[in-house]
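S.K.: After the structure tokens below, expect a handful of questions from me.
Bear in mind these aren't lab numbers, they're just calculated from the coordinates by the rules spelled out. Worth saying up front: this structure is predicted, and the values here are computed from it rather than measured. Glycine gets a Cβ as well: all are built from the backbone with ideal geometry, and neighbour counts include every protein chain shown.
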Amino acid sequence: MCIRITQELCWQSEDRNCIYGAKSNHRRLTSGRSGAALLLAIFVMAIVSSLVVAIADAQTLRYAALRNTTDWDSARYLAEAGLHDALSRLETDINWRTGIGTTEYPANSGRIYSVAVQDGPDGTVIISATGSTGAFSRVLTATIKHGG
């Protein structure tokens, strides 16, 4: 008889068995669903965690690709700097063939260039400039002829 009355009525009742009966009835009715919310929360957390890991992995890959592109371009620019350095020295002295040893540019940056200069066929001069940064090296070769 106590199970059928609402909890509000049981609280008004002086019968301790009625209050106990109402509480135990409430537990029996919800005990089948008590783990569903926890399972749903764990499932949602697993999905969100997977998305966060996937996004972090994609961003790491993009950063690595950007870093490689930057180093690739920097190596090219360093080789161009070496080529221009050699051309300016040849403008000053057309017989200059010493080349340029390893030069760090800018200073203490770990980015280097070097230049080799040699005589080519028919009075030409071959300039080979190498720029290196990170894991990349690029080589530019120019053939110039003095006086036309």
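S.K.: Could you line up T130, T69 from fewest to most neighbouring Cβ atoms inside 10 Å?
M.R.: On the way: T130 20, T69 11.
By the 10 Å Cβ count, ascending: T69, T130.
S.K.: How many percent of all Cα-Cα pairs in segment 71-145 sit more than 20 Å apart?
M.R.: Of all Cα-Cα pairs in segment 71-145, 27 percent lie more than 20 Å apart.
S.K.: Using the count of nearby Cβ atoms within 10 Å as a rough guide to exposure, how do L78, L140 rank from fewest to most?
M.R.: Working: L78 27, L140 17.
Starting with the residue having the fewest Cβ neighbours, the order is L140, L78.
S.K.: How about segment 84-124: which trypsin sites (Lys or Arg not before Pro) there lie in a loop by DSSP and see at most 16 other Cβ atoms within 10 Å?
M.R.: Details: sites: R89, R97, R111; in loops: R97, R111.
Answer in residue order: R97.
S.K.: What is the fewest-to-most order of E104, E80 by other Cβ atoms lying within 10 Å of their Cβ?
M.R.: Ranking E104, E80 by Cβ neighbours within 10 Å, fewest first, gives E104, E80.
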